[in-house]
Amino acid sequence: MEWNRLHDLNLDQDMNMPSITIDNLEYDTDTLSPEARQQLEMLVATENRLRELQRDLAITQTARNAYANALKALLPTPLDMALAQGDVLKLN
């Protein structure tokens, strides 16, 4: 798995994956040093968090659009505002 494609990678808590590929080099995860394994765990956790944040952003943008549309539906039209001010509507 390319390091920039970790968004396609789902790992459990035990990091059960046989190998990773970074820069076209394959590494057996069982042979990684503890420090390298820890960095891999942090990279995967970071990728997962980015995915969560992207999902949250999409949800928030959808909600914002829904609120804006609801507000727009509640606002008076220019005709409503003119009639409320007592303006006379002239038809040709």
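The values are calculated or read from the model by the stated rules, or taken from the named source; none is laboratory data. Note that the coordinates shown come from a computational prediction; the quantities given were computed from them, not determined experimentally. FYI the Cβ positions are ideal-geometry reconstructions off the backbone, even for glycines, and counts take in every protein chain you see.
Look through region 1-35, keep the residues that are touching a strand residue (DSSP E or B) at 6+ places or on another chain (Cβ under 8 Å) and outside any loop (DSSP other than H, G, I, E, B), and return whichever of them is modelled with the lowest pLDDT.
Initial filter on region 1-35 (touching a strand residue (DSSP E or B) at 6+ places or on another chain (Cβ under 8 Å)): 1-3, 18-21, 26-29.
Now narrow it down to the ones that are outside any loop (DSSP other than H, G, I, E, B): 3, 19-21, 26-29.
Details: 3: 50, 19: 87, 20: 88, 21: 89, 26: 91, 27: 91, 28: 92, 29: 91.
Among those residues, the one meeting the criterion is 3.
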Any residue at all in region 76-83 that is exposed (fewer than 10 other Cβ atoms within 10 Å of the Cβ), over 26 Å from the mean Cα position of the chain (by Cα) and either at pLDDT 95 or above or not charged (D, E, K, R) (or both)?
yes
